[in-house]
1. Normalised by the residues of the chain, what does the relative contact order come to in percent, with Cα pairs under 8 Å and at least six apart?
2. To make sure I understand the rule: partners must be lysines, Cα under 20 Å from the Cα of Lys163, and not fewer than 8 residues away in the same chain. Which ones qualify?
3. Please work out how much length the chain gains when fully extended from Ala61 to Leu74, using 0.36 nm per residue of separation minus the C-alpha to C-alpha distance, in nm with one decimal.
4. Report the Cα-based extents of the chain along its three principal axes, largest first, to the nearest Å.
5. What does the helix-only formula give at 222 nm for the chain: each DSSP H stretch with n ≥ 4 adding -39500 (n - 2.57), the total divided by the residues, and the result rounded to the nearest 500 deg cm²/dmol?
6. Of the listed peptides 170-176, 61-67, what is their order by residue-averaged count of other C-beta atoms within 10 Å, with the highest listed first?
7. Rounded to the nearest 20 debye, what is the charge dipole size of region 2-182 about its Cα centre when +1 sits on each Lys and Arg Cβ and -1 on each Asp and Glu Cβ?
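Values quoted throughout were computed directly from the atomic coordinates according to the rules given, and no laboratory measurement underlies them. Just so it is clear, the model here is predicted, and its values are computed rather than measured. No Cβ is skipped: glycine too gets one built from the backbone with ideal geometry, and neighbour counts run over all protein chains shown.
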Amino acid sequence: MDAFLTSAALVALAEIGDKTQLLSFVLAARLRKPGAIILGIFVATLLNHALAGSVGVWLAALISPPLLPWVTGLLFIGFGLWALHPDSLDDDPRLHRAGAFVTSAIVFFIAEMGDKTQLATVVLGARFEALAPVVLGTTLGMLAANIPAVLVGEALAQKLPMKGIRYAAAGLFIATGLVTIFGIPGTVQ
């Protein structure tokens, strides 16, 4: 349950203001098919994060157990610092002939490649060595951040305190990194 909840919370916060959330706004404005867009985001995220989580679990098996908390902890701290940098969307998605679902799934899958939430999924997979809870958690976190973006669109983005959300996400990543390395203060490891 820790893997699922941690994964969902980290990705939901990290996704706010991320390029894939901005992509959700663009898809909603251009395609105007919220159900198909949300389904495309779900499928793309599930596939992308299953791949990323699998890589994380595989890497955890390669890294020696005493070194793993340091590697994953430092990566979480790095993601925290990365979360402080606002993302922007450079390209305008083109409508695929197959429609809004296929366009959303393809564009979202590609946009998520190398993104901080995909890389965080790799690290979460390595940290927890539990593929299903991590992938389900990161997918839920992604949907929690992007469904409102699709449904409400640009008006929501203008009202959210993006800087504060970035700082909260950064703090959560850094705290997770420190807990991964040093444990929870006051508990026996």
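1. That works out to 46 percent.
2. Lys19, Lys116
3. 2.9 nm
4. 54, 32, 27
5. -26000 deg cm²/dmol
6. Highest-to-lowest ranking by the protection proxy: 170-176, 61-67.
7. Rounded to the nearest 20 debye, it is 340 debye.
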